[in-house]
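*Asks:* I'd like to ask you about the structure that follows.
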Amino acid sequence: MATHPFEIIVGLEVHVQLLTESKLFCSDGTKFGQPPNTLVSPISIGMPGVLPVMNRRALELAIKAGLALQCQIARFTKWDRKHYYYPDLPKNYQISQYDMPFATEGYLDVDVEGKTTKVRLIRVHLEEDAGKNLHDDHGGDSLVDLNRAGMPLIEIVSYPDIRSAAEAGAYLEKLRTLMRDLDVSDCEMQEGSLRCDANVNIAITKEGKTYKTPIVEVKNLNSIKMVEKSITYEAGRQYDQWEKDGKVIGQAPKQTRGWDEARGVTRPQREKEEEADYRYFPEPDLVPVVITEEMLARIKGEVGESSQQRKDRYRDQLGLSEYNASVLVDKGRGVADYFDALMSHDIDAKTAANWVINDVLAHSTGRIKVMHDLAVEPSSLAELIKLVKGNKLNLNDARERVLREMISTGKDASTIVQELGLEVVVDTAAIEAIVDTVLADMSKVVDDFRSGKGKALGALVGQVMKRSQGKFPPALVNEILNKKLGVS
Ligand code: MN
């Protein structure tokens, strides 16, 4: 891969829709995909004189998110009006948080190819969503759907700590897993419950001098793939522009560009308002919010062990590799819960991790929300693993045949082992008898082994297994062979 003569600098602004039954300031429903303008009330359509009331559950979910993102949670926070005129915003202002967000200074550790980057968070604030303008397929008319107006959002703003498209993707994936694990949001990007804007610029170092291009905010990113593609494209475009402009960077205002997925390019959008244009002021219709220690302690209890703590526990206390610990945690709480459940059936950690990562996940499709979404119940898998451990079934048969059959038929492991005739013989005398005939028939190989060719042992094991039609446990065959050959 060609190295670029520049460094990519990215900060992400992510909007996450909270999983509440009702909107942030009124009792309208929140279900996705309802007929246009059916989830509305005088409050969400912006009638004058109505009064908003804060949804307590939204605040609690937001605090959960803030805690999971290692933020400082404010004990006193308030609401502000952010003014702008747009047809999908009938009040002409959005209720948001300006100078006193509920959460500040968190971080998320992001792993890309074995390298961990700490992405710091400036703030997380609560705000209501706007409605949606529909411009296509209406004979040239534009339509407005206010179902989304007033939906509860948190906006998570990172520092510009991200240095590549891959890091941006990993950040979003990690954020999504975290929010889903805590039931804070379903984070469906195609339904708009996770939306991302990327602030992108580059630093070019030439002849000892470093130049930075103006920051461009890229919008319309509807998937993690699009976020990655647009960052790569935008960085290249800024470099080309810098070369074309004669390598001088003036004081350019922040530009907004939209991602054009069909053409794979970013294109200029409306000039973005400066902060002063929004005329922020405190929302007079809502009281400030006091977050008590009691409330915080209760929510901390609901958050429980963080995924970071869980990963550390798997590595440090259970002795799993860093990689295995990460896979179990990064695939979501359902997978880690499954692993814990499997261990509670008296399966050791490394064996449990191998089965979950190599077999259970391979047989499970779709999103794993809870452990029962995985293809086989932990108790059933534990029974299968114990058959292998007790030398009653070969590992290979367990993985390739019995597990498959368990998943497709729902029968338990021992029934399938019987039906398929896979039970291994643990009759030591029977094994010894076959070992003796093999040693007699393959004296040349035995001589090879005795003269130091360690590999010869494999041929002997193979022959014993063949003659037993695979029904002897390989470990026991090895043991008996070694004994007979005088190897301890
Ligand atoms: Mn926002």
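The values are calculated or read from the model by the stated rules, or taken from the named source; none is laboratory data. Predicted model, so just to flag it, every value in this text is computed and none were measured. Cβ sites come from the backbone with ideal geometry, for glycine too, and all protein chains shown count toward neighbours. Surface accessibility is based on the protein's heavy atoms, side chains included, excluding ligands, DNA and RNA. Shrake-Rupley method; radii C 1.70, N 1.55, O 1.52, S 1.80 Å.
*Asks:* Return the loop-located GluC sites (Glu not before Pro) in region 282-331 (DSSP other than H, G, I, E, B) with at most 15 other Cβ atoms within 10 Å of their own Cβ; answer none if there are none.
*Replies:* Those that pass, being in a loop and sparsely packed, are E305.
*Asks:* Summarise the accessible area of region 305-420 (1.4 Å probe, protein heavy atoms) by the percent that is carbon and sulfur. Walk me through the numbers before you get to the answer.
*Replies:* Values: 2580 of 5740 Å².
Accessible surface attributable to carbon and sulfur in region 305-420 totals 45 percent.
*Asks:* Can you give the extra length, in nm with one decimal, that the chain gains between D427 and K132 once fully stretched, where that is 0.36 nm per residue apart less the Cα-Cα distance?
*Replies:* Contour length minus Cα-Cα distance gives 99.0 nm.
*Asks:* Which FRET efficiency value, to the nearest 0.05, is calculated for E113 and M47 with the Förster distance at 60 angstrom and r the Cβ-Cβ distance? Intermediate values should be presented prior to the final figure.
*Replies:* Values: r = 53 Å, r/R0 = 0.89.
After rounding to 0.05, the efficiency reads 0.65.
*Asks:* Further question on the same structure: Which chymotrypsin sites (Phe, Trp or Tyr not before Pro) in region 72-108 pass both tests, a DSSP loop state and at most 13 other beta-carbon atoms within 10 Å?
*Replies:* Values: sites: F76, W79, Y84, Y85, Y93, Y98, F102, Y107; in loops: W79, Y84, Y85, Y98, F102.
Listed in order of number, the matching sites are Y84, Y85.
*Asks:* Here's another thing I want to ask about it. Give me the number: length gained by fully extending S443 to K483, i.e. 0.36 nm times residue separation minus the C-alpha to C-alpha distance, one decimal in nm.
*Replies:* So the extension gain works out to 12.8 nm.
*Asks:* Among P473, Q309, H345, whose Cα lies farthest out toward the positive end of the dipole of the chain, if unit charges sit on the beta carbon of Lys, Arg (+1) and Asp, Glu (-1)?
*Replies:* P473
*Asks:* Hey, another quick one. Which loop-located trypsin sites (Lys or Arg not before Pro) does region 256-300 contain, where loop means any DSSP state but H, G, I, E or B and the Cβ has at most 10 other Cβ atoms within 10 Å?
*Replies:* Hits after loop and neighbour filter: R263, R270.
*Asks:* Continuing with this model, one more query. Among K91/K229; K212/K244; K78/K225; K23/K300; K118/K244; K115/K174, which pairs are too far apart, with a Cα-Cα distance over 26 Å?
*Replies:* K91/K229; K78/K225; K118/K244
*Asks:* Hey, what do the phi angles of region 294-302 turn into as Karplus ³J(HN,Hα) couplings, whole Hz, using 6.51/-1.76/1.60 and θ = phi - 60°, x for Gly and Pro?
*Replies:* My calculation for region 294-302 gives 4, 5, 5, 5, 5, 5, 4, x, 5 Hz in order.
*Asks:* Next question. With a 1.4 Å probe and every protein chain left in place, work out the accessible area per residue of region 405-488 in Å², rounded to a whole number.
*Replies:* Spelled out: the 1.4 Å probe surface of region 405-488, per residue, equals 56 Å².
*Asks:* Want the number for S27 to H83: 0.36 nm per residue separation, take away the alpha-carbon distance, what's left?
*Replies:* Going from the current span to full extension adds 17.8 nm.
*Asks:* A further question follows. List the lysines whose Cα lies under 25 Å from the Cα of K471, skipping any in the same chain that are fewer than 8 positions away.
*Replies:* Qualifying lysines at Cα under 25 Å: K386, K389, K392, K411, K455, K483, K484.
*Asks:* While we're on this one: At a 1.4 Å probe, what is the % contribution of carbon and sulfur to the accessible area of region 428-484?
*Replies:* The value for region 428-484 is 56 percent carbon and sulfur by accessible area.
*Asks:* For region 6-290, what is the accessible area per residue in Å² when the probe is 1.4 Å? The partial results should precede the final answer.
*Replies:* On the way: 13470 Å² over 285 residues.
Spelled out: the 1.4 Å probe surface of region 6-290, per residue, equals 47 Å².
*Asks:* With all pairs of different alpha carbon atoms counted, what Kirkwood hydrodynamic radius in Å does region 305-420 show?
*Replies:* One over the average 1/r among Cα pairs gives 14.3 Å for region 305-420.
*Asks:* Something else: Rounded to the nearest 20 Debye, what is the dipole magnitude of the chain about its Cα centre when Lys and Arg each give +1 and Asp and Glu each give -1 at the C-beta?
*Replies:* Result for the chain is approximately 1020 debye, rounded to the nearest 20.
*Asks:* Using the Cα gyration tensor of the chain, with a ≥ b ≥ c the square roots of its eigenvalues, what is the shape: rounded (a/c below 1.5), prolate (a/b larger than b/c) or oblate (neither)?
*Replies:* Prolate.
*Asks:* Got a number for carbon plus sulfur as a percent of region 6-290's accessible area, 1.4 Å probe?
*Replies:* 51 percent
*Asks:* If contacts are Cα pairs under 8 angstrom and at least 6 residues apart, what is the relative contact order of the chain in percent?
*Replies:* Here the relative contact order equals 13 percent.
*Asks:* Still on this structure, I have one more. With the alpha-carbon atoms as the only input, what is the per residue convex hull volume for region 6-290 in Å³?
*Replies:* 146 Å³
*Asks:* Next question. When the Karplus curve 6.51 cos²θ - 1.76 cosθ + 1.60 is applied with θ = phi - 60°, which whole-Hz ³J(HN,Hα) does each residue of region 331-337 get, with x for Gly and Pro?
*Replies:* Result, rounded to whole Hz: 6, x, 4, x, 6, 5, 4.
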